[in-house]
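The values are calculated or read from the model by the stated rules, or taken from the named source; none is laboratory data. Fair warning: this is a prediction, and the values are worked out from it, not measured in the lab. Cβ coordinates were reconstructed from backbone atoms using ideal geometry, including for glycine residues, and neighbour counts include every protein chain displayed.
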Amino acid sequence: MGVQPMQRARSRKAKLEREDSILTATDVLLRQTGYDSMTMQAVATVAGLAKGTLYLYFTSRESLVLAVHGRLFDRWIDRFAVHQPELDGFNGFCRDFARHYADDPLFLQLAGFANALLEPQLDREAYIKSKRGMALRVKRLAGLVCQRFFIAPTAAQKLIWGFLTIAGGTAQITVRPSFDKVDLPSDVIAFTGLANFETVFVNAAAPLGVNLKLLKLR
């Protein structure tokens, strides 16, 4: 017996709860089947909605996946904001950033292609919503940098943009294959072992430390 579609949400609270259930269903499917196999029909089925109702909330698969990425991003910032730094200085901040960024495999996977490949396919309204969401996240992260290194908010935002650009690129080149790495040749295993997310990110972010020193001297 199939899942019976839920009735259309009426109140703002009900709509927010419905949207959250859609994002949760999408999150589950992305972890189980991956982006390429995820369909709007599958999301509607898992969420207990008619497919037409799903499109009232998200007009495309791209906007839906970007919304999931945004929710994971916000949750990552929440965790990163309250964690106790393990290391001091700029290098320590880079390592903390990388370790927490790579905690969730789905977040890391989406970070590698969400904005670069999906965002250009959005309609105008979804594009504006996506950019405003990212602006708020950059502002939150910049606030953490201000507290840690005592630099101006504008400078902190520039530093965060550098971090996020490096993180997105690092996520792309360190993506894990879907098959067992044991099947790979030994030289490829050795190379991928060196090219883990934290190592690549910290090395790539090192020059930003020079900029930070210059900013603190001004």
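As an exercise: evaluate Gly34 against (1) closer than 27 Å to Gly143 by Cα; (2) within 16 Å of the chain's Cα centre (by Cα) and give the number of the one condition it does not meet.
Result: Gly34 fails condition (1) only.
Starting from residues that are surrounded by 11 or more Cβ atoms within 10 Å (Cβ to Cβ) and in contact (Cβ under 8 Å) with a residue 40 or more places away in the chain, keep the ones in the stretch 171-193 and report whichever is nearest to the chain's Cα centre (by Cα).
The residue in question is Ala171.
From Thr154, Thr165, which residue is surrounded by fewer than 16 Cβ atoms within 10 Å (Cβ to Cβ), within 14 Å of Asn211 (Cα to Cα) and in the same structural domain as Asp78 (by TED's automatic domain parsing)?
Selected residue: Thr154, the only one of Thr154, Thr165 that is surrounded by fewer than 16 Cβ atoms within 10 Å (Cβ to Cβ), within 14 Å of Asn211 (Cα to Cα) and in the same structural domain as Asp78 (by TED's automatic domain parsing).
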